[in-house]
Amino acid sequence: MEALAVALEPHKNTVGLTAAIITVLQFFSGVFVVNDIRKKGNTEGFSAGPFLGGAVFSLLNIQFGQMLQDDAMIKVNFIGLALNVVYVCAFYIYTAAGYGKAKVWGQIGAAGAVAVGILSYVQYEDPKVVEFRFGIILTGVLLLLVGMPLLGLGEIIRKKSTEGLPFPIILAGSVVSLAWLLYGVVLRSDFLVIQNLLALALGAVQLALFVIYPNTPVKKQTKRTKKTN
């Protein structure tokens, strides 16, 4: 890793700027998922989890940016927060009335409770250790967010289909993790390297599912085959 750090060190600012730009672009990956939902006409097979998780993670990073007095980090995550709120609203609009919308409200409440709980903890923690501990919490939230689609692994294997998995978000997240991994190498930050290495590994596992299983349910594929014959 030291050899790579030495090779990238002259390009430190470029690597950092690239990582920041890719992160902003990643926030727009949700547009493709929302568009798929729009085409389908409903949210069946999709989850609001990635959008809610993205909103919570952006909100926490705004707080972390304030702690570090990093204006760039704050601005980037304000964009992420705003976009994810829009995605959640779009998801809610296309969700079927009744239990479906009630479930979304429940998820919004749970996400809000987690965010309020963590932010409240930050206000009361010892200033000497809060930055490090909050960084650990952010790492946990990041890994949970990246690995969230794997919670439906059993259903994916049963259906032999990756329908509903947010491919654009997973792909963009993997690219972002790679960019910040390289930046962590340049900074020689073990914390940043380990954090993004784990996130990249989780992303790679999910991308592998798209290679193994099609994005269209097997039953639909069978019907199409019969019509063709």
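The values are calculated or read from the model by the stated rules, or taken from the named source; none is laboratory data. Just so we're clear, the structure is a prediction, and the values are computed from it rather than from any experiment. Heads up, the Cβs are rebuilt from the backbone with ideal geometry, glycines too, and the neighbour counts pull from every protein chain shown. In case anyone asks, the SASA skips ligands and DNA or RNA and just uses the protein heavy atoms, side chains included. Shrake-Rupley method; radii C 1.70, N 1.55, O 1.52, S 1.80 Å.
Between I79, I22, which is open to solvent by 20 Å² or more (accessible area, probe 1.4 Å), of a type in the set (V, I, T) and within 19 Å of V141 (Cα to Cα)? Spell out the reasoning first.
Numbers: I22 fails: within 19 Å of V141 (Cα to Cα).
It is I79.
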Residues located in segment 80-96, provided they are over 14 Å from the mean Cα position of the chain (by Cα) and in a helix (DSSP H, G or I): A82, V86, C89, A90, F91, Y92, I93, Y94
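Residue by residue, here is whether (1) outside any helix (DSSP H, G or I); (2) without any contact (Cβ under 8 Å) to a residue 40 or more places away in the chain holds:
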| position | (1), (2) |
| --- | --- |
| L17 | no, yes |
| V24 | no, no |
| N35 | no, yes |
| S47 | yes, no |
| G54 | no, no |
| Q63 | no, no |
Positions within segment 77-94 being closer than 18 Å to A115 by Cβ and aliphatic (A, V, I, L, M), in sequence order: I79, L81, A82, L83, V85, V86, V88
Count of segment 25-56 residues which are closer than 29 Å to R188 by Cα and open to solvent by 40 Å² or more (accessible area, probe 1.4 Å): 2
Test: residue in segment 87-104 that is aromatic (F, W, Y), modelled with pLDDT of 90 or more and open to solvent by 20 Å² or more (accessible area, probe 1.4 Å): yes
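Each row is one residue, and each column tells you yes or no for (1) over 17 Å from the mean Cα position of the chain (by Cα); (2) polar (S, T, N, Q).
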| position | (1), (2) |
| --- | --- |
| L17 | yes, no |
| T43 | yes, yes |
| S47 | no, yes |
| S58 | no, yes |
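Quick check: is even one residue across segment 143-156 outside any helix (DSSP H, G or I) and closer than 24 Å to D70 by Cα?
So in segment 143-156, the residues outside any helix (DSSP H, G or I) come out as none.
No, segment 143-156 has no match at all.
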